[in-house]
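J.: Submitted below is the structure of interest, expressed as structure tokens.
The values are calculated or read from the model by the stated rules, or taken from the named source; none is laboratory data. None of the values given here were measured: they were computed from a predicted structure. When we count neighbours, we look across all protein chains shown, and the Cβ atoms used for this are built from the backbone with ideal geometry, even at glycine. Surface areas here come from the heavy atoms of the whole protein model, side chains and all, with no ligands, DNA or RNA. Shrake-Rupley method; radii C 1.70, N 1.55, O 1.52, S 1.80 Å.
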Amino acid sequence: MTRGVPAGRQTTLQDHVTVAGIGVHSGLPTTVTLHPGEANTGIVFLRGGTDGQPDRELRAYYRRVTATEFATVLGDENGPIVSTTEHVLAALHALGVDNAVVEVDGPEIPIMDGSAAPFVAAIEQAGIAALSEPRRYIQVLKPVRVIKGDSFGELRPYLRGLRIETEIDFDHPLVGRQAYAVDVEPDSFRRDLARARTFGFMRDVAKLWSAGYARGASIENTVVIAEDRVLNPEGVRYPNEFVRHKVVDAIGDLALSGAPLIGAYRSRRGGHKLNHAVLTALMADRSAWTYVEMPEIRRIRGHADLAAGFAVPAYGPEVS
């Protein structure tokens with residue numbers, strides 16, 4: 001749990017903080033301001049109105065997901081409101097922020113440097129404050145699985161908080177087979193996950209541009225992989241940066257449960273679509289989970305590399 005904040009109480013930000021960048025898919029400049037939120041409101045996205053249109057807002061919730069092919073998009077009956085929500089949600093969730101307003105003046109959360117680290121820095125600049133209301137958790141009671149082709153995802157009981165186990169396997173010598181597992185805590189997220197960037201392959205660029213995606217992608221915000229080398233001058237930030245970024249995405253997507261999860265999530269050949277499908281399957285089975293307050297959580301710090309598995313490329317359409 002966040003340093004200095006009691007585990008059993010809800011939290012919010014102490015102050016507002018602003019970051020700005022471009023959307024990785026839209027290529028448009030975007031400003032995001034994180035504001036404190038009242039207890040029991042959760043994470044709320046506020047899209048500023050344009051061309052005389054009113055502001056639009058919605059709670060970050062799995063039922064508000066409207067697309068998952070290249071990013072997690074949230075919207076309502078009037079259409080999409082904001083895209084690429086996964087990194088800011090991962091940072092808020094991992095650092096233990098329960099209530100906040102994410103105000104955005106464009107269609108997409110900025111990609112920043114391709115990682116969740118700028119959002120971690122912004123949250124820490126704003127500060128985290130405890131509220132008087134108790135925090136409610138969602139505890140997984142029995143395994144829930146989703147299989148989509150060669151992809152597999154599962155949420156199962158795990159009483160040490162939220163654990164993520166992700167396996168990938170790319171047919172590329174610079175990526176190959178990677179696996180990673182971590183008990184998600186503020187310290188482990190800052191140290192081991194937050195700086196892991198989104199990635200893509202040069203061979204896919206023309207196809208993505210023609211489809212209207214990745215218009216803002218560059219070596220400033222994406223690990224770009226050519227046939228024989230990483231094009232970013234600094235290389236990779238971790239030897240297994242690719243699978244670590246998949247873990248970040250999973251944390252952000254699972255944050256759409258509406259309350260902190262107590263359980264373990266395992267994915268093989270996964271991505272946003274699979275993450276959302278497993279969360280939706282869990283919430284649809286009322287016998288598979290329950291709300292709890294002040295759970296007995298015994299933390300185990302650190303991570304472990306796992307046996308290899310399979311995954312689809314970042315920026316590539318996920319297996320349906």
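J.: Could you tell me which numbered condition P110 fails, if it satisfies all but one of (1) surrounded by fewer than 21 Cβ atoms within 10 Å (Cβ to Cβ); (2) in contact with a strand residue (DSSP E or B) (Cβ under 8 Å, 6 or more places away or on another chain); (3) part of a loop (DSSP other than H, G, I, E, B)?
T.: Just one mismatch for P110, condition (1).
J.: If you don't mind, there's one more thing I want to ask. How many residues does region 216-231 contain that are of a type in the set (A, V, I, L, M) and under 22 Å from S83 (Cβ atoms)?
T.: Applying the first criterion (of a type in the set (A, V, I, L, M)) to region 216-231 yields 217, 219, 223-226, 230-231.
Adding the requirement that they be under 22 Å from S83 (Cβ atoms) leaves 217, 219, 223-224.
Residues meeting the conditions: 4.
J.: Looking only at region 248-269, how many residues end up being of a type outside the set (A, V, I, L, M), open to solvent by 10 Å² or more (accessible area, probe 1.4 Å) and in contact with an Asp or Glu (Cβ under 9 Å, 6 or more places away or on another chain)? It would help to see each step written out before you state the result.
T.: Of the residues in region 248-269, the ones of a type outside the set (A, V, I, L, M) are 249, 252-253, 257-258, 260, 263, 265-269.
Among the residues that remain, those that are also open to solvent by 10 Å² or more (accessible area, probe 1.4 Å) are: 249, 258, 260, 266, 268-269.
Remaining after also requiring in contact with an Asp or Glu (Cβ under 9 Å, 6 or more places away or on another chain): 249, 260, 266, 268-269.
Number of matching residues: 5.
J.: Among the hydrophobic types (A, V, I, L, M, F, W, C), modelled with pLDDT under 85 and open to solvent by less than 40 Å² (accessible area, probe 1.4 Å): does that describe V205?
T.: Numbers: among the hydrophobic types (A, V, I, L, M, F, W, C): yes; modelled with pLDDT under 85: yes; open to solvent by less than 40 Å² (accessible area, probe 1.4 Å): yes.
Answer is yes for this residue.
J.: So, one more: Out of the strands (runs of 3 or more DSSP E) lying entirely within region 60-101, which hold 3 or more residues that are open to solvent by 10 Å² or more (accessible area, probe 1.4 Å)?
T.: Numbers: elements: 65-67, 73-76, 79-82.
Those strands (runs of 3 or more DSSP E) span 65-67.
J.: Among the candidates G252, G235, G263, single out the residue that is outside any strand (DSSP E or B), of a type in the set (G, A, S) and in contact with a Leu (Cβ under 6 Å, 6 or more places away or on another chain).
T.: Working: G235 fails: in contact with a Leu (Cβ under 6 Å, 6 or more places away or on another chain); G263 fails: outside any strand (DSSP E or B).
None of the other options fit; the residue is G252.
Let's see how each residue does on (1) modelled with pLDDT of 95 or more; (2) in contact with a Lys or Arg (Cβ under 9 Å, 6 or more places away or on another chain); (3) of a type in the set (S, T, N, Q); (4) within 22 Å of T198 (Cβ to Cβ):
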site: T2; (1), (2), (3), (4): no, no, yes, no
site: T12; (1), (2), (3), (4): yes, no, yes, no
site: D15; (1), (2), (3), (4): yes, no, no, no
site: G21; (1), (2), (3), (4): yes, no, no, yes
site: V24; (1), (2), (3), (4): no, yes, no, yes
site: T31; (1), (2), (3), (4): yes, no, yes, yes
site: H35; (1), (2), (3), (4): yes, no, no, no
site: E38; (1), (2), (3), (4): yes, no, no, no
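J.: Scan P173, P107 and give me the residue that is under 22 Å from L46 (Cβ atoms) and either at pLDDT below 95 or basic (K, R) (or both).
T.: Values: P173 fails: under 22 Å from L46 (Cβ atoms).
One residue alone meets the criteria, P107.
J.: On to the next question. Checking G114 against (1) over 17 Å from V44 (Cβ atoms); (2) over 18 Å from the mean Cα position of the chain (by Cα), which test does it fail?
T.: Here G114 meets the rest and fails (2).
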